[in-house]
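Enquirer: Before I ask anything, let me first share the structure, which is written out below as structure tokens.
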Amino acid sequence: MAFVVGGLYAAAIYMMLRRSIVKLVIGLVLLSNAANLLIFTASGLTRGAPPLINAGDVLPPGISADPLAQALILTAIVIGFGVLAFAVVLIHRAFEVVGVDDMDKMKDTDT
Amino acid sequence: MNVSVDVLVALPIVLPLLAGALSLVFWRSHAAQRMLGVFGSLGLLVVSVLLLFATWDHGHLVMEMGDWPAPFGIVLVSDMLAAIMVVLTGIIGLATAVYSLSGVSVRHERYGYYPLFHLLLAGVNGAFLTGDIFNLYVWFEVMLVASFALLILGGERAQMEGAIKYVTLNLLSSALFLSAIGLLYGLTGTLNMADIAVKLAEVEDTGLVTVIAMLFMVAFGIKAAAFPFFFWLPASYHTPKVAVSALFAGLLTKVGVYALFRVFTLIFNHDVGYTHEILLWIAMLTMLTGVLGAAAQFEFRRILSFHIVSQIGYMILGLALFTPLAIVGGVFYIMHHIIVKANLFLISGLTYQLKGSHELKQLGGLYRSNPMLAVFFMVPALSLAGLPPLSGFFAKFIIIRAGIEAEAWLAVAVALVVGLLTLYSMVKIWNEVFWKAQPEGVAHAQPASGPLIWMWLPIIGLALMTVMIGLYGQPIFEMAERSAEQLLDTSGYIEAVLGAGYVEALQESRR
Amino acid sequence: MNMQSLILRTAGHFLLPLLLLFSLFLLFRGHNEPGGGFIAGLVAAAAVVLYLFSMDIDAARRVLRVDPRSLLGSGMLLAVLSGVPGIFRGQPFFTAQWWEITVPGLGMVKLSSVLLFDIGVYLVVIGAVLTIMLTLAEAED
């Protein structure tokens, strides 16, 4: 898993360093996925049952998976989805307005 | 009916959310949205002032959302720093809402200006008040999405270009932030900031802790526009409507600064010699690059944007010195800066309305035509440069004094030089915009129609506030002092969140 | 945008009510079992988006009857307000409140502020997804 995460980060940064804006957005998507997988890996991979507690018990029976990490990733995915949708609309509009798919041509607001 | 005082902690988040939802429901009625904008932010200001008083009395206010006990549930915590920041959000929210009455066109309102405005305020307040690090991430994202959409309202070319840079760098910082949270959770097994602080003290692998600390520093550094990650800010802040610029300038980067203050006092306070040394260098370079960038600019709002960067440096300097007085100075500086900077942006908007340009070369003669505006520009401008008796003087004075006491001579020298250069930029604006005659041959833009009274009100209000902070600084100073005490003595925070005896019980169970 | 596919058109007509019903089922199932407002909202939004693909934007707007932004707003309102009842009992914000009501013919029904929150989420998700999709679809034209 660690190698997958590392590979994703590397690919994401490579894509973000390209000039094309579409590839920039692809890079951002990869980056958020890499972060999600990192949470998944860092919080410990266990092959466990769903953490459901029987009525009356205090602890779940047997080994169970950590639900918090999953909740975090789910939230992060939803947020990532929303932001991605926005980014796609943004590059679409930007392409319409500016007419190029090239970061080097977008220097008007730089100093 | 026994409403506990802790409810106040949730209200600064709930009120803007409700106002935003209502303005979505009244999508068709612009009048209703405007009313909601003003009264919603007025209500927010009232609630936040109440919260400030309650926090002053109780020390910490904690609310466990949904009655799930900490450290398992999400907590909202209000200490002095958070309460002060929420009050400032209320002030800026009200000022921009009033300003928007005549500063935002119907076309922008149709794209959803007001719902986004409320969502932004909710996100900012949520980030200030949460006591859970993942929740902090969520609020950051709420704030960011709202700010993205506000940034491109209107859809001009410059806005698109600015937005792409802004979006990219902020998403990058969010991804780093998320990675850092993941590693931190792997290390400590908890997300509650107080609990993390307790458990991180026992972690033996200090190398990994420092790595995580650096990840947080980079992530929040990007949000706060510190050196060397500040490029997105001057590239985007001058592109949207002025009301939006003022809102961003007042609040957004300060959320990053607040997060730095919170994380580097509460959680990463074990290896101060290493992390805060880096912060010190970041602070100095931020101050210098920001002010030098501003000196080279000739566009009203770009100058101001670069000054945001340089002022961020002062705040981080306060954190980096890490003495009680320096933290007081940092907090005081945040308070002064938010009010002054938002006001300067609003003034640039009014200038634009009067003269039809943001370029210094094309402006002029405003002193002759509008002496009042010139006076109200002088107040925040001189305050920004740090001239007595305005608020900026005391803010800079405290920080520099703390620097002298800590014997950080280089930082003191940089801070003084930057103060002088700030004065230079402000005098430049003054000369070009107000003092010199209206340049010949420039097409005189027709003064905008419509009443400008709503633009004047917030400018006058904020300018008066700047003077008041300068003249009657004692209560403000005491508030900053109290918040610095709370920041440096983390046991109060931890005890308030987790309950007394939690730390002892944890150590007991380890044996 | 308008795809001239007879199969999709015919299926779209039938699938819309079916999918909407299914989404409601998911919403209420989420009360005690897997399901819930988020996934139900996605299903409902998918139903309308399918309709949008098979017909055109105007038809989709007509079948919606309300502006998706109003859905977004009212959903958010509902979700936030569902947290309010708890504070009048001196409990923290968002504390779940349960009411047990006996409805004639149905037996005892448990109502809760959680359900209100879920319905709010349902509306927010529908509203948000449809706002994005309709904006994108309009930009295509």
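The values are calculated or read from the model by the stated rules, or taken from the named source; none is laboratory data. Model, not experiment: these values are computed from the prediction. Here Cβ is always computed from backbone atoms with ideal geometry, including for glycine, and neighbour counts include all displayed protein chains.
Enquirer: Among the residues that make up the stretch B:118-130, is at least one of them crowded, with 23+ Cβ neighbours inside 10 Å, out of contact with any Gly (no Cβ under 6 Å at 6 or more places or on another chain) and aromatic (Phe, Trp, Tyr)?
Expert: Yes: the stretch B:118-130 contains one or more residues that are crowded, with 23+ Cβ neighbours inside 10 Å, out of contact with any Gly (no Cβ under 6 Å at 6 or more places or on another chain) and aromatic (Phe, Trp, Tyr).
Enquirer: I'm checking my understanding of the structure. Among residues of the stretch B:180-192 that are surrounded by fewer than 20 Cβ atoms within 10 Å (Cβ to Cβ) and either in contact with a strand residue (DSSP E or B) (Cβ under 9 Å, 6 or more places away or on another chain) or without any contact (Cβ under 8 Å) to a residue 24 or more places away in the chain (or both), which one is farthest from the other protein chains (Cβ to nearest Cβ)?
Expert: Here the residue is B:Gly189.
Enquirer: Going through B:Leu42, B:Leu61 one at a time, which residue ends up being touching a strand residue (DSSP E or B) at 6+ places or on another chain (Cβ under 7 Å), more than 10 Å from chain C (Cβ to nearest Cβ) and at negative phi?
Expert: B:Leu61
Enquirer: Then there's this: Give me the residue from the stretch B:116-153 that is away from chain A (no Cβ under 12 Å) and among the polar types (S, T, N, Q) and, out of that set, nearest to B:Pro240 (Cα to Cα).
Expert: For the stretch B:116-153, the residue satisfying everything is B:Asn125.
Enquirer: Which residues, taken from the stretch B:18-35, are surrounded by fewer than 24 Cβ atoms within 10 Å (Cβ to Cβ), within 9 Å of chain C (Cβ to nearest Cβ) and assigned to a helix (DSSP H, G or I)?
Expert: B:Leu18, B:Leu22, B:Val25
Enquirer: Take B:Phe177 and decide whether it is under 23 Å from B:Ile74 (Cα atoms) and at the interface with another protein chain (Cβ under 9 Å from one of its Cβ atoms).
Expert: The answer is yes for B:Phe177.
Here is a yes/no grid of residues against (1) modelled with pLDDT of 80 or more; (2) small (Gly, Ala, Ser):
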residue: B:Ile339; (1), (2): yes, no
residue: B:Leu344; (1), (2): yes, no
residue: B:Glu359; (1), (2): no, no
residue: B:Gly365; (1), (2): no, yes
residue: B:Met372; (1), (2): yes, no
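Enquirer: Test B:Glu432 against the stated conditions and say whether it is modelled with pLDDT of 80 or more, more than 27 Å from the chain's Cα centre (by Cα) and either buried (at least 22 other Cβ atoms within 10 Å of the Cβ) or of a type outside the set (S, T, N, Q) (or both).
Expert: In short, yes.
Enquirer: In the stretch C:47-69, what count of residues is obtained for those that are within 13 Å of C:Phe14 (Cα to Cα) and in contact (Cβ under 8 Å) with a residue 60 or more places away in the chain?
Expert: So the count comes out to 1.
Enquirer: Can I ask one more? Of all residues in the stretch B:201-223, count the ones that are assigned to a helix (DSSP H, G or I) and charged (D, E, K, R).
Expert: Residues meeting the conditions: 1.
Enquirer: Does B:Ala226 meet the test of being away from chain A (no Cβ under 12 Å), in contact (Cβ under 8 Å) with a residue 40 or more places away in the chain and outside any helix (DSSP H, G or I)?
Expert: Taking the combined requirement at face value, the residue satisfies it.
Enquirer: What are the pairs, 6+ residues apart or on separate chains, where a residue within the stretch B:467-491 that is among the hydrophobic types (A, V, I, L, M, F, W, C) has its Cβ under 7 Å from a residue that is surrounded by fewer than 18 Cβ atoms within 10 Å (Cβ to Cβ) and in a helix (DSSP H, G or I)?
Expert: B:Ala484/B:Pro324; B:Leu488/B:Pro324
Enquirer: Ok, one more. Does the stretch B:264-278 contain any residue that is touching a helix residue (DSSP H, G or I) at 6+ places or on another chain (Cβ under 7 Å), surrounded by 24 or more Cβ atoms within 10 Å (Cβ to Cβ), farther than 30 Å from B:Ser509 by Cα and in contact (Cβ under 8 Å) with a residue 24 or more places away in the chain?
Expert: The answer is no; no qualifying residue exists.
Enquirer: How many residues are closer than 13 Å to B:Trp281 by Cα and part of a helix (DSSP H, G or I) if we restrict to the stretch B:399-412?
Expert: Looking only at that region, the number is 4.
Enquirer: If you check every pair at least six apart or on different chains, which have Cβ atoms under 8 Å apart with a residue in the stretch B:367-393 that is over 18 Å from B:Leu346 (Cβ atoms) and in contact (Cβ under 8 Å) with a residue 12 or more places away in the chain first and a residue that is of a type in the set (Lys, Arg) and part of a helix (DSSP H, G or I) second?
Expert: Correct list of pairs: B:Gly386/B:Lys396.
Enquirer: While we're here: Being more than 14 Å from chain B (Cβ to nearest Cβ) and under 18 Å from C:Ile132 (Cβ atoms) is the requirement here; does C:Phe38 meet it?
Expert: Yes, satisfied.
Enquirer: Given the condition in contact with a strand residue (DSSP E or B) (Cβ under 9 Å, 6 or more places away or on another chain) and over 20 Å from B:Ile334 (Cα atoms), answer yes or no: does some residue in the stretch B:238-246 qualify?
Expert: Yes - at least one qualifying residue is present in the stretch B:238-246.
Enquirer: So B:Ile74 clears everything in (1) within 20 Å of the chain's Cα centre (by Cα); (2) under 23 Å from C:Gly83 (Cβ atoms) except one condition, right? Which one?
Expert: Condition (1) is where B:Ile74 drops out.
Enquirer: On to the next question. Residue under question is B:Thr289, and the condition is that it be surrounded by fewer than 22 Cβ atoms within 10 Å (Cβ to Cβ), out of contact with any strand residue (DSSP E or B) (no Cβ under 7 Å at 6 or more places or on another chain) and modelled with pLDDT under 85; does it hold?
Expert: It is false that B:Thr289 is surrounded by fewer than 22 Cβ atoms within 10 Å (Cβ to Cβ), out of contact with any strand residue (DSSP E or B) (no Cβ under 7 Å at 6 or more places or on another chain) and modelled with pLDDT under 85.
Enquirer: In the stretch B:81-125, what residues are over 17 Å from B:Val255 (Cβ atoms) and in contact with a Ser or Thr (Cβ under 6 Å, 6 or more places away or on another chain)?
Expert: Listed by number, the residues that qualify are B:Leu94, B:Ala97, B:Tyr114, B:Pro115.
Enquirer: Right, here's the next one. Among residues belonging to the stretch A:41-84 that are farther than 20 Å from C:Phe38 by Cβ and among the polar types (S, T, N, Q), point out the one that is modelled with the highest pLDDT.
Expert: Filtering the stretch A:41-84 for residues that are farther than 20 Å from C:Phe38 by Cβ and among the polar types (S, T, N, Q), the one modelled with the highest pLDDT comes out as A:Thr41.
The rows are residues; the columns are (1) out of contact with any His (no Cβ under 8 Å at 6 or more places or on another chain); (2) over 27 Å from B:Tyr472 (Cβ atoms).
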| position | (1), (2) |
| --- | --- |
| B:Ile303 | yes, yes |
| B:Phe306 | yes, yes |
| B:Leu319 | no, no |
| B:Phe322 | no, yes |
| B:Ile327 | yes, no |
| B:Ile338 | yes, no |
| B:Phe345 | yes, no |
| B:Gly349 | yes, yes |
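Enquirer: Also, I was wondering about something else. Inside the stretch B:113-157, can you point out the residues that are touching a residue at least 24 places away in the same chain (Cβ under 8 Å), outside any helix (DSSP H, G or I) and touching a helix residue (DSSP H, G or I) at 6+ places or on another chain (Cβ under 7 Å)?
Expert: Those that are touching a residue at least 24 places away in the same chain (Cβ under 8 Å), outside any helix (DSSP H, G or I) and touching a helix residue (DSSP H, G or I) at 6+ places or on another chain (Cβ under 7 Å): B:Thr130, B:Gly131, B:Asp132, B:Ile152, B:Leu153, B:Gly154.
Enquirer: From the list B:Val62, B:Val38, which residue is surrounded by fewer than 23 Cβ atoms within 10 Å (Cβ to Cβ) and at pLDDT 85 or above?
Expert: After ruling out the rest, the residue left standing is B:Val38.
Enquirer: Which residue out of B:Leu178, B:Leu136 is in contact with a Ser or Thr (Cβ under 8 Å, 6 or more places away or on another chain), modelled with pLDDT of 90 or more and either polar (S, T, N, Q) or farther than 26 Å from B:Met335 by Cα (or both)?
Expert: B:Leu178
Enquirer: Please count how many residues of the stretch B:269-297 are within 14 Å of chain A (Cβ to nearest Cβ) and within 24 Å of B:Ser491 (Cα to Cα).
Expert: Total satisfying the criteria: 0.
Enquirer: Tell me, which helices (runs of 4 or more DSSP H) wholly within the stretch B:233-336 include 2 or more residues that are within 14 Å of the chain's Cα centre (by Cα)?
Expert: Qualifying helices (runs of 4 or more DSSP H): B:242-247, B:253-262, B:300-321.
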